[in-house]
Structure formats: C-alpha cells, structure tokens
Amino acid sequence: MKLQLAFALISTALCISCNNETKTETTAETPTEVKKEYLSQPLVSHIYTADPSAHVFNNRIYVYPSHDTATGTAEDDLGSHFNMMDYHILSMDSVGGTVTDHGIALNIKNIPWAGRQLWAPDAAFANGKYYLYFPVKDKQDVFRMGVAVSDKPEGPFAAEPSPITGSYSIDPSVFKDDNGDFYMYFGGIWGGQLQRWNENQYDSTAGNRKPEELAVLPRMAKLSKDMKSFTESVKEIKIVDETGNLFTEKDNSKRFFEAAWVFKYNGKYYFTYSTGDTHFINYAIGDNPYGPFTYKGIILDPVEGWTNHHSIIESNGKWFLFYHDVQLSGKTHLRNVKVTELKFNTDGSIQKVTAVK
Ligand code: FUB
C-alpha cells in the first residue's frame with residue numbers, strides 16, 4: 001500500500017509536464033523501492049486513455065479507447081470515478097509509428113439518451129460506414145449499448161437516438177467472422193451491472209454471486225445487417241474448464257469479469273477477457289462464435305492499476321496485444337494505452353505477457 005502511494009505521488013509529479021488534465025503538484029520524498037521496468041511505453045501522454053480496442057482499417061491501425069478524465073467524482077466499488085465524457089480515436093500507420101490523436105470523435109452531450117459514464121468502446125466497418133459501439137448509463141442509471149455512425153474511421157460519429165434494443169451492461173466488442181457475420185460480445189460484473197441481468201431481465205436488487213454459486217456468464221448477440229440492432233435475443237456464453245464444468249464465483253482468477261474480445265486464429269475462436277478483481281487477461285478457445293469456450297490460460301499478468309483491459313489484432317503478419325496501465329498517473333482511473341507483440345506457440349496456445357516487473 002505504502003509502495004503504491006509512493007508510486008502515485010511520483011508519477012503525478014512527472015505528469016504535470018505531459019498532461020494538462022492533472023495539475024496537482026507534489027513534493028513527495030523519492031523512495032528507492034519503486035523502480036519499475038515497463039515492457040512498453042504509453043502510446044500517447046497528452047491525454048489519459050484506456051480500454052484500447054484496436055482494428056486495422058485501410059491499412060492503418062485505429063485504436064478506440066476510453067478517454068479517462070479527472071472529474072473529481074469520488075471513488076467507489078461501482079466505478080463512479082470512471083466518469084468519462086467523450087472519445088478520442090488514435091491511429092498509426094504501424095506499431096511503433098507516430099500516433100495521431102484525431103480529437104473528439106463523440107461527446108456524451110450529443111448522445112440523446114445518455115446519463116453518465118462513457119465506458120470502453122469498440123468499432124466495426126460495414127456497409128461503407130464505420131460504427132462506434134459504446135456503453136453508457138441511461139438517464140435511469142442503467143448501462144446500455146449505443147451505436148454511432150461515421151464515414152471515416154476516426155469520426156466524428158453521430159449517435160443513434162436510442163440505445164440498441166435488448167442491449168445492456170458494458171464493454172461491447174464486435175467480431176467479424178470470415179463469412180461477414182458480425183457478433184457483439186459484452187458484459188461486465190460489479191459496476192458493469194451484469195449480475196443484475198438474468199434471462200435478459202433487469203433486477204436492480206440482484207447482487208454479486210456468492211463464492212459457491214456459478215459465476216455470471218458473458219453475453220453475445222449477432223448483429224443485423226444494418227449494424228444497429230441484434231438479430232436474435234442475447235445469449236450467455238459458456239466458459240468451461242478442461243472437464244467441461246462452468247466456473248464458480250470463487251474461481252475468480254478464471255471466471256469472466258469484463259473486457260470480452262474475440263478473434264480467430266488457425267480456424268479456432270479465441271474468447272479473451274479480464275478477470276477483474278484478480279486482474280488477469282485470460283483466454284478460452286471454441287469451435288464457433290457461440291462457444292462453449294474452453295479455458296486455456298493467462299494472456300496478460302496484472303498491470304499497474306486495478307483494471308486490465310485489452311484487444312488483440314494481426315497487422316502485417318504479426319499479432320499485437322493492446323492494453324493499458326497507470327504508468328503516467330499512478331491513479332487507477334487515469335490510465336494510458338500501450339501495445340506489445342503477442343506470440344503463439346505451434347499448438348495455438350499463447351505466450352503469456354508480463355508487462356511490468
Ligand atoms: O473504463 C471503464 C471500465 O474499466 C471498462 O469498461 C472496464 O473494462 C474497465 O477497464
């Protein structure tokens with residue numbers, strides 16, 4: 001705890017020169033034990049960014065992150081301090097190249113049904129348009145998924161007047177299968193409210209699962225051709241162990257928490273996700289987009305900060321893991337996105353990444 005605090009004070013001081021959103025000066029003593037070795041450096045340091053959803057559009061890498069801001073909202077277990085107001089899209093011609101911030105792509109004030117907290121987005125290209133998918137609490141404080149449309153990958157995006165019918169919770173992630181079908185994977189427990197949704201019905205009194213109970217499952221639905229609605233009712237996705245059993249809530253280093261991301265490798269579907277309170281990014285493999293997915297292991301060890309959220313893409317024959325940590329601020333809600341190469345073994349398993357030592 002003491003060590004974490006010291007880290008926070010030092011990095012806040014460093015950030016004064018690189019970010020106009022953190023202004024608090026500090027005169028902390030410099031302890032010797034806080035030296036960290038980072039695998040990668042932040043993609044940008046003039047704003048705080050998190051939850052990077054990366055895609056290759058028109059031979060360029062676009063990153064759709066959350067835009068973290070210091071709004072002064074008090075921290076609580078439901079994540080109220082993650083009080084984001086807009087999105088900025090980042091792009092680069094290749095990993096390691098100059099990163100462009102394209103400015104505000106969508107502001108919460110231009111989403112008619114939105115209440116508060118613009119969380120982790122994703123994007124897709126279809127019908128000659130770019131679609132930005134985002135979770136935000138509606139005016140009743142229930143998370144829903146919205147969609148906004150643009151002619152350009154970097155926006156600006158125009159939000160549809162209402163949320164996607166039947167959508168709920170957080171962290172939309174849109175996967176395009178080889179046959180052109182799109183699926184949205186989503187959900188997040190605790191502050192993401194997924195535990196309140198059973199059989200697609202909302203119960204504001206439903207609490208977190210008890211340790212012996214089956215863990216809450218992530219959700220998915222196929223997207224319609226218009227990319228603005230679901231073609232089917234929302235379904236649960238099974239993540240099972242090698243013997244086919246579902247995880248219980250006490251298996252919290254393996255069960256789903258939030259940050260779903262799906263990709264295909266050698267004909268197999270990889271469902272990847274964060275374990276939240278144990279801070280891992282894990283993966284499970286299946287034979288079709290609906291699962292079940294069999295748990296295989298850890299992709300990314302805990303990073304600095306409470307949340308762990310990622311995306312995985314192939315670009316120019318290499319695979320990359322986009323992730324975030326709190327190197328610039330030391331504060332859990334002021335994060336910075338990063339990228340590193342991801343390597344597969346010949347049997348399709350993934351070589352685990354440790355991003356900080
Ligand atoms: O950025 C807000 C929330 O924090 C995201 O929706 C979660 O995945 C976690 O990263």
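The values are calculated or read from the model by the stated rules, or taken from the named source; none is laboratory data. Owing to the predicted nature of the structure, the values given are computational and were not obtained by experimental measurement. Using ideal geometry, Cβ is built from the backbone for each residue, glycine included, and neighbour counts are taken over all protein chains shown. These area figures cover heavy atoms from the full protein model, side chains too; ligands, DNA and RNA do not enter into them. Shrake-Rupley method; radii C 1.70, N 1.55, O 1.52, S 1.80 Å.
Counted residue by residue at 0.36 nm each, then reduced by the alpha carbon distance between them, the extension gain from Asn345 to Ser224 reaches 40.0 nm.
Using the 1.4 Å probe convention, the accessible area of the range 41-342 works out to 37 Å² per residue with neighbouring protein chains retained. Per-residue extension of 0.36 nm, minus the Cα-Cα distance of Arg116 and Asp287, leaves a gain of 57.8 nm for this segment.
Shown for the range 128-234 is the translational diffusion coefficient from the Stokes-Einstein equation, using the Kirkwood radius over Cα pairs, a temperature of 25 °C and a viscosity of 0.890 mPa s: 167 µm²/s.
Each of the peptides 222-228, 320-326 was scored by the mean count of other Cβ atoms within 10 Å over its residues; in descending order, highest first, they stand as 320-326, 222-228. All alpha carbon pair distances within the chain were sorted into 20 Å bins beginning at 0; the resulting P(r) in whole percents reads 31, 61, 8. Each part gets one Cα centre, and for the range 212-226 versus the range 61-100 those centres are 24 Å apart. Take every Cα pair under 8 Å whose residues are at least 6 apart in sequence, average their separation, divide by the length of the range 104-171, and the relative contact order is 34 percent. Projecting label points 7 angstrom from Cα along Cα→Cβ for Val56 and Lys250 puts them 4.5 nm apart.
Rounded to a whole number, what % of the accessible area of the chain do carbon and sulfur atoms account for, probe 1.4 Å?
Carbon-and-sulfur percentage of accessible area, whole number: 49.
In terms of Cα to Cα distance under 15 Å, which aspartates and glutamates are near enough to Lys357, apart from those fewer than 8 places away along the same chain? Output for Lys357: Glu33, Glu37, Asp301, Glu304, Asp325.
What the pair-distance distribution of the range 182-315 shows, using all Cα-Cα distances binned every 5 Å from zero, is 2, 11, 19, 24, 22, 14, 7, 2, 0 percent.
Residue ranges 163-173, 179-189 sort as 163-173, 179-189 when ordered by packing (mean number of other C-beta atoms within 10 Å per residue, highest first).
Between Ile89 and His102, Gly103, Ala105, the built amide H atoms are under 5 Å apart, and every one of these is 5 or more places off in sequence or on another chain.
Net charge near Asp177, counting Lys/Arg +1 and Asp/Glu -1 over other residues with Cβ under 11 Å of its Cβ? Summing Lys and Arg as +1 and Asp and Glu as -1 gives +1.
So, counting K/R as plus one and D/E as minus one, what does the shell of residues with Cβ under 10 Å around Glu236 add up to?
After counting each charged neighbour, the total is +2.
What the Cβ-Cβ distance of Lys109 and Thr231 gives, at R0 = 30 Å and to the nearest 0.05, is a FRET efficiency of 0.45. Computed from backbone phi with θ = phi - 60° and the Karplus coefficients 6.51, -1.76 and 1.60, the 3J(HN,Hα) list for the range 103-120 is x, 5, 9, 7, 10, 4, 5, 9, 10, x, 9, 6, x, 8, 6, 7, 9, 4 Hz; x is used for glycine and proline.
Beta-bridge orientation, the chain: approximately 95 percent antiparallel, per DSSP, counting only bridges with both partners inside.
When only alpha carbons of the range 305-357 are considered, Rg and Dmax amount to 12.7, 39 Å.
Give me the percent relative contact order of the range 41-342, please, defined on Cα pairs under 8 angstrom at least 6 residues apart.
Relative CO of the range 41-342 lands at 16 percent.
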